[in-house]
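Asks: Before we start, here is the structure in question, set down as structure tokens.
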């Protein structure tokens, strides 16, 4: 059976042309995009999921899912209730109206056989199976409706046309089951009897001399000494130990070596950056960053090595300046000599003068410096970089 839903009234320019077809399963109707049949309702008189049409053995059912209800042939169907749809039924809900057209036949009721029936002793045939599937010679009853088919047990002519009075055996009345092993007579062997024997032609192919082609092979020092002796043939290289003489091609070894260098270079750059990061110094601001755009891989590696060397030189200069300034500011003998060289005041205040001289080393523009900030400023002065002022330190 098939149900056709044709819109007679509703919103939209193509309201009169909208038709929906439905044969099996279920379909949902509403204004939500998740529905199978969506209605463009701007007044919101139609629920998101308004109703559902289902197929059963008797025909089609409408189940209401809305708050306003659905009218089927003038009868109001409320939420959760169902109504049977038949040919020429009328549906009304919201501002929409539909006419229902049902075509086709109902599903045939096939009852189970009685329990007292015994199985037949006859062999099962294809005709018997097909008769159970479609009893009475009826074909499928879909959109094309049911049609009477030809007699399945009628003979089918194969090959030359049959003569008058002759009947060819039916291709459907064939017994099903195991009637013994298949016959092997008349079958030609798939493999020849001598399939596992050696052939002279294959032996000649296996023992043919190799092509006279010179192949460059990277050789070790020991093999070079042996190769200096006059070889027996210019196209044959004698090698007693093939595992010892084998080595990767030159291009492959260079690629592997370059990859190892780049890996170590990454680790060195990271370690150099961490050395400056201890004092909150960006190493990229101290030296120029190499431009690696458009250069080869080898040239880029060389440029990175040069940049790393420049950073190491700056690090050495920074450490030297740090030690020099730290010894001048923290060495007790230097502080005592600097205080004693000043004009004499009260002799019993020398200890306080020593402390004040030491304390002045950790003051800058009225702000106190930590030991880390003191070291950082010492490194920046050694590298010729500007120091942080007091306001910036307070912000940090």
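Asks: Could we say that residue 58 is out of contact with any strand residue (DSSP E or B) (no Cβ under 7 Å at 6 or more places or on another chain) and in the same structural domain as residue 31 (by TED's automatic domain parsing) here?
Replies: On the way: out of contact with any strand residue (DSSP E or B) (no Cβ under 7 Å at 6 or more places or on another chain): yes; in the same structural domain as residue 31 (by TED's automatic domain parsing): yes.
Yes; evaluated as a whole, the condition is true for this residue.
Asks: Just the residues that are more than 20 Å from residue 106 (Cα to Cα) and assigned to a strand (DSSP E or B), please, taken from the range 1-13.
Replies: To start, the set of residues in the range 1-13 that are more than 20 Å from residue 106 (Cα to Cα) comprises 6-13.
Within the range 1-13, 6, 7, 8, 9 qualify.
Asks: It is to be established whether one or more residues within the range 368-378 are modelled with pLDDT under 75 and in a strand (DSSP E or B).
Replies: yes
Asks: Another one. Scan the range 278-287 for residues that are free of Cβ contacts under 8 Å to residues at least 12 places away in the same chain and either in the same structural domain as residue 387 (by TED's automatic domain parsing) or touching a helix residue (DSSP H, G or I) at 6+ places or on another chain (Cβ under 8 Å) (or both) and jot them down.
Replies: Scanning the range 278-287 gives a single hit, 282.
Asks: Based on what the data block shows, is residue 292 part of a loop (DSSP other than H, G, I, E, B), in contact with a helix residue (DSSP H, G or I) (Cβ under 8 Å, 6 or more places away or on another chain) and modelled with pLDDT of 60 or more?
Replies: Details: part of a loop (DSSP other than H, G, I, E, B): yes; in contact with a helix residue (DSSP H, G or I) (Cβ under 8 Å, 6 or more places away or on another chain): yes; modelled with pLDDT of 60 or more: yes.
Considered against the rule, which asks whether it is part of a loop (DSSP other than H, G, I, E, B), in contact with a helix residue (DSSP H, G or I) (Cβ under 8 Å, 6 or more places away or on another chain) and modelled with pLDDT of 60 or more, residue 292 comes out as yes.
Asks: Please go through (1) touching a residue at least 12 places away in the same chain (Cβ under 8 Å); (2) exposed (fewer than 14 other Cβ atoms within 10 Å of the Cβ); (3) within 37 Å of the chain's Cα centre (by Cα) for residue 296 and return the number of the only condition it doesn't satisfy.
Replies: So residue 296 meets the others, but not (1).
Asks: When you scan the range 14-99 for strands (runs of 3 or more DSSP E) that lie fully inside it, which ones turn up with 2 or more residues that are surrounded by fewer than 18 Cβ atoms within 10 Å (Cβ to Cβ)? Explain how you work it out, then say what you get.
Replies: Values: elements: 19-22, 26-30, 51-55, 60-64, 70-72, 75-77, 82-85, 90-93.
So the answer is 19-22, 60-64, 75-77, 82-85, 90-93.
Asks: Given (1) over 22 Å from residue 22 (Cα atoms); (2) modelled with pLDDT under 90, where does residue 78 come up short, assuming only one miss?
Replies: Only one criterion is unmet by residue 78, namely (2).
The values are calculated or read from the model by the stated rules, or taken from the named source; none is laboratory data. Computed from a prediction, not measured in an experiment: that's the story for all the values here. Cβ coordinates were reconstructed from backbone atoms using ideal geometry, including for glycine residues, and neighbour counts include every protein chain displayed.
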